[in-house]
There are 6 protein chains.
Amino acid sequence: MFSVTVRDHMMVAHSLRGEVFGPAQRLHGATFVVDATFRGPDLGPDGILVDIGRATEELQRILAELNYRNLDDVEALAGMNTTTEVLARHVAQRLADRVREGEVGAPGTVEAMVVTLHESPTAWASCELVL
Amino acid sequence: MFSVTVRDHMMVAHSLRGEVFGPAQRLHGATFVVDATFRGPDLGPDGILVDIGRATEELQRILAELNYRNLDDVEALAGMNTTTEVLARHVAQRLADRVREGEVGAPGTVEAMVVTLHESPTAWASCELVL
Amino acid sequence: MFSVTVRDHMMVAHSLRGEVFGPAQRLHGATFVVDATFRGPDLGPDGILVDIGRATEELQRILAELNYRNLDDVEALAGMNTTTEVLARHVAQRLADRVREGEVGAPGTVEAMVVTLHESPTAWASCELVL
Amino acid sequence: MFSVTVRDHMMVAHSLRGEVFGPAQRLHGATFVVDATFRGPDLGPDGILVDIGRATEELQRILAELNYRNLDDVEALAGMNTTTEVLARHVAQRLADRVREGEVGAPGTVEAMVVTLHESPTAWASCELVL
Amino acid sequence: MFSVTVRDHMMVAHSLRGEVFGPAQRLHGATFVVDATFRGPDLGPDGILVDIGRATEELQRILAELNYRNLDDVEALAGMNTTTEVLARHVAQRLADRVREGEVGAPGTVEAMVVTLHESPTAWASCELVL
Amino acid sequence: MFSVTVRDHMMVAHSLRGEVFGPAQRLHGATFVVDATFRGPDLGPDGILVDIGRATEELQRILAELNYRNLDDVEALAGMNTTTEVLARHVAQRLADRVREGEVGAPGTVEAMVVTLHESPTAWASCELVL
């Protein structure tokens with residue numbers, strides 16, 4: 001089994017709804033360091049699972065829609081409580097769509113993806129999707 | 001599948017029993033950076049797997065019993081060879097108890113936990129428990 | 001010459017005024033990892049430059065006034081363009097006040113301070129103050 | 001389930017064959033930070049999964065054959081496109097051989113291995129082998 | 001006194017001339033993580049020392065001339081022993097030229113620069129230039 | 001002005017004397033990540049400030065005297081309160097001796113040294129010596 005991970009980051013504002021969030025109910029922000037992992041059992045003929053260059057571009061494109069924004073106002077996230085888990089799922093689903101469309105170069109066979117968002121040096125969350 | 005990780009650290013002395021440990025049989029010490037990961041298939045109604053604040057507090061509480069101590073003298077660890085693996089299991093078991101008691105906020109369903117102890121920049125060990 | 005550094009972090013929203021900031025003129029956010037360094041020529045009788053425990057508490061107290069907030073609405077920052085440089089200066093000045101008041105334990109003689117704010121893995125800024 | 005990881009690094013030159021690699025078709029290089037993870041269900045009588053000291057030595061020995069070399073000229077890699085995935089598999093297979101030969105101390109039962117090569121702060125790849 | 005740092009990286013091959021380099025006399029390679037720091041006493045009217053966006057672009061442009069190359073064949077480095085120190089000086093001098101040309105946005109007054117190249121997790125070198 | 005830094009680590013037990021240390025008065029321990037920086041104005045004929053290989057060896061030799069020990073029992077530290085600052089000074093003085101003896105290769109002229117000990121991800125201390 002192989003995996004390839006690419007990393008990028010985004011800087012966003014947001015607020016969270018629910019008493020469980022305490023002070024994070026207020027409008028605040030985060031630099032999310034985002035790791036996107038692609039997993040599959042085999043390598044393609046070039047010796048790669050995915051094209052790292054294409055994977056990097058696709059991740060950057062998805063984050064660009066959120067970067068330097070207040071997530072409370074982003075339409076694609078309307079109605080969501082933009083917790084780290086929910087954002088990880090959002091990015092994973094968007095990237096999974098791109099993989100299915102063949103846009104990550106797909107020389108091998110990607111069977112699963114994990115997206116991890118680090119909200120600080122002491123907390124992070126992941127969403128794993130089977131494709 | 002989702003996961004949430006919180007990180008803390010502790011500074012302890014200990015010695016290890018067994019020739020395999022070489023110089024680590026002497027009384028020495030470590031700053032253990034401790035990552036506690038909670039895993040589960042679904043998010044709760046607030047969009048979270050666990051309450052990160054509560055998870056952080058519970059991890060800190062468990063580490064406080066060991067922090068700034070000589071583990072050779074800690075009763076809860078009596079009879080154990082406090083290797084990084086054994087300490088990871090100890091922390092994982094203690095945290096799993098707290099999850100079962102509902103003290104980590106449990107808005108989703110935590111099915112497994114992984115505790116990783118980094119003993120240095122070049123070595124770390126993990127224990128995974130299914131709840 | 002000695003120095004001691006303590007690290008903490010805060011999660012804030014803000015917007016920046018000025019065309020030079022491009023998309024960062026929009027309301028967005030950051031996890032700022034904050035390093036506070038104290039410098040001085042001599043160690044006190046206990047063999048320390050500052051009390052790391054007290055330094056950590058004072059840094060945390062100063063960040064707590066900003067943490068989980070929209071800096072555009074924080075009175076103490078009114079009229080400021082809250083760039084990373086300006087925030088580093090703000091935290092450094094606040095900490096310097098605490099040092100002068102003897103609240104960082106001052107067993108040695110702190111002559112200078114540097115506060116560094118990391119806005120992302122690829123960009124950070126510092127402010128150095130001579131006390 | 002337990003795991004133990006040791007980390008080392010190597011500095012190599014190489015070139016990649018295939019249009020997908022773009023500028024990486026040219027002779028260039030990398031500092032690969034290499035993490036070798038050993039996994040197994042039980043700890044041995046000393047409270048360890050593997051001997052960290054021996055694991056470190058074996059990883060270092062395998063990397064020494066590649067370190068400070070142009071991988072295009074290394075016989076053991078002849079005919080391979082030395083992508084990060086392929087190199088991860090090479091190191092994992094070599095280490096797995098050493099585990100099977102009992103050279104990693106094997107006090108517990110290692111059932112699987114993962115080798116991860118970080119080619120930069122923003123990209124890495126892993127190979128997982130079941131033993 | 002203020003400073004701003006931006007980080008990027010490049011992946012290069014090279015060899016070093018001189019017995020002191022031992023195995024590094026062979027053709028090998030490195031991922032150099034490059035930090036460019038700008039220092040000055042005052043902030044400009046926007047509250048910044050340099051335009052972080054422009055600084056990032058200029059650093060990337062300078063590294064692009066070296067990235068994915070064998071430095072032994074790069075004309076701009078002809079006759080140089082491309083040690084980490086020498087490469088740090090090369091990048092610092094190139095960036096200093098850009099600062100003097102006003103291409104880093106220069107809203108404040110940059111008086112000095114430091115360029116640090118990390119060749120591995122355990123070794124790095126810097127060159128500081130006064131402008 | 002140039003600088004070269006090499007990094008290593010050690011795992012030690014110790015206790016600190018003085019009420020200011022609170023729980024750290026108890027026997028505990030630390031993994032100290034140790035950075036040794038050499039500074040000088042010029043590069044030698046090979047294009048280096050110091051021989052990184054020799055610098056790494058000398059740092060390792062000095063740390064080996066402390067590694068896997070209880071510092072309360074180490075003769076070379078007798079009578080010292082082994083705070084992070086004091087240990088940084090100890091390592092810096094030992095390394096400075098080696099530089100003066102020409103054991104760090106000294107192709108350039110090392111004028112100053114800084115030794116930094118990281119006791120945890122959130123606290124570190126440095127000692128700078130002019131040679």
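The values are calculated or read from the model by the stated rules, or taken from the named source; none is laboratory data. Computed from a predicted model, the values in this text were never measured in an experiment. Because the Cβ atoms are built from the backbone with ideal geometry, glycine has one as well, and the counts that use them run over all protein chains shown. Heavy atoms of the whole protein, side chains included, go into the accessibility calculation; ligands, DNA and RNA do not. Shrake-Rupley method; radii C 1.70, N 1.55, O 1.52, S 1.80 Å.
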Query - Residue within the stretch F:28-37 that is within 8 Å of another protein chain (Cβ to nearest Cβ), over 30 Å from E:Gly18 (Cα atoms) and open to solvent by 30 Å² or more (accessible area, probe 1.4 Å) present - result: no
Report summary line: For the stretch B:24-51, pairs from a residue that is within 23 Å of A:Thr83 (Cβ to Cβ) and touching a residue at least 12 places away in the same chain (Cβ under 8 Å) to a residue that is small (Gly, Ala, Ser) and outside any loop (DSSP other than H, G, I, E, B), with Cβ under 7 Å and 6 or more apart or across chains, are B:Ala36/B:Ala55; B:Thr37/B:Ser3; B:Phe38/B:Ser3; B:Phe38/B:Ala55; B:Arg39/B:Ser3; B:Arg39/B:Ala112; B:Leu49/B:Gly40
Query raised in the report: If you take the residues of the stretch E:107-123 that are in contact with a helix residue (DSSP H, G or I) (Cβ under 8 Å, 6 or more places away or on another chain) and without any contact (Cβ under 8 Å) to a residue 60 or more places away in the chain, which of them is most open to solvent (accessible area, probe 1.4 Å)?
Result: E:Thr122
Query raised in the report: Among the residues of the stretch E:61-68, is there at least one that is within 16 Å of the chain's Cα centre (by Cα), modelled with pLDDT of 95 or more, surrounded by fewer than 18 Cβ atoms within 10 Å (Cβ to Cβ) and not charged (D, E, K, R)?
Result: yes
Query raised in the report: Would it be correct to say that A:Glu119 is over 10 Å from the mean Cα position of the chain (by Cα) and at pLDDT 95 or above?
Result: yes
Query raised in the report: If you scan the stretch A:73-85, which residues turn out to be surrounded by 18 or more Cβ atoms within 10 Å (Cβ to Cβ) and either modelled with pLDDT under 95 or out of contact with any Gly (no Cβ under 7 Å at 6 or more places or on another chain) (or both)?
Result: A:Leu77, A:Thr82, A:Thr84
Query raised in the report: Considering only residues of the stretch D:38-54 that are within 24 Å of E:Ser120 (Cβ to Cβ) and open to solvent by less than 50 Å² (accessible area, probe 1.4 Å), which is farthest from the other protein chains (Cβ to nearest Cβ)?
Result: D:Phe38
Query - Within the stretch B:33-83, tally of residues that are touching a Ser or Thr at 6+ places or on another chain (Cβ under 8 Å) and among the aromatic types (Phe, Trp, Tyr) - result: 1
Query - Within the stretch D:4-21, tally of residues that are open to solvent by 20 Å² or more (accessible area, probe 1.4 Å), in contact with a strand residue (DSSP E or B) (Cβ under 8 Å, 6 or more places away or on another chain) and over 30 Å from D:Gly44 (Cα atoms) - result: 1
Query raised in the report: In the stretch D:1-24, which residue that is in contact with a Leu (Cβ under 6 Å, 6 or more places away or on another chain) and not small (Gly, Ala, Ser) is farthest from D:Val74 (Cα to Cα)?
Result: D:Phe2
**Report entry** Residue under evaluation C:Met80, criteria (1) within 25 Å of F:Ala24 (Cα to Cα); (2) assigned to a loop (DSSP other than H, G, I, E, B), criterion not met
**Finding:** (1)
Report summary line: Selection from the stretch E:87-103 of residues over 30 Å from E:Phe21 (Cα atoms) and touching a residue at least 40 places away in the same chain (Cβ under 8 Å) yields E:Arg98, E:Val99, E:Glu103
Query raised in the report: For A:Glu57, all conditions in the list (1) at pLDDT 95 or above; (2) within 8 Å of another protein chain (Cβ to nearest Cβ); (3) open to solvent by 20 Å² or more (accessible area, probe 1.4 Å); (4) not in a loop (DSSP other than H, G, I, E, B) hold save one; what is the number of the exception?
Result: (2)
Report summary line: Contact list, first residue from the stretch E:68-86 and more than 8 Å from every other protein chain (Cβ to nearest Cβ) and free of Cβ contacts under 8 Å to residues at least 24 places away in the same chain, second anywhere and surrounded by 16 or more Cβ atoms within 10 Å (Cβ to Cβ) and in a helix (DSSP H, G or I), beta-carbon distance below 7 Å, six or more apart or interchain, is E:Leu77/E:Leu71; E:Leu77/E:His90
Query raised in the report: Of these, F:Val4, F:Val12, which one is part of a strand (DSSP E or B) and within 14 Å of chain B (Cβ to nearest Cβ)?
Result: F:Val12
Query - the stretch F:86-106, subset outside any loop (DSSP other than H, G, I, E, B) and β-branched (Val, Ile, Thr), residue surrounded by the most Cβ atoms within 10 Å (Cβ to Cβ) - result: F:Val91
Report summary line: Of the residues in the stretch B:116-131, those that are closer than 12 Å to B:Arg39 by Cβ and in a strand (DSSP E or B) number 3
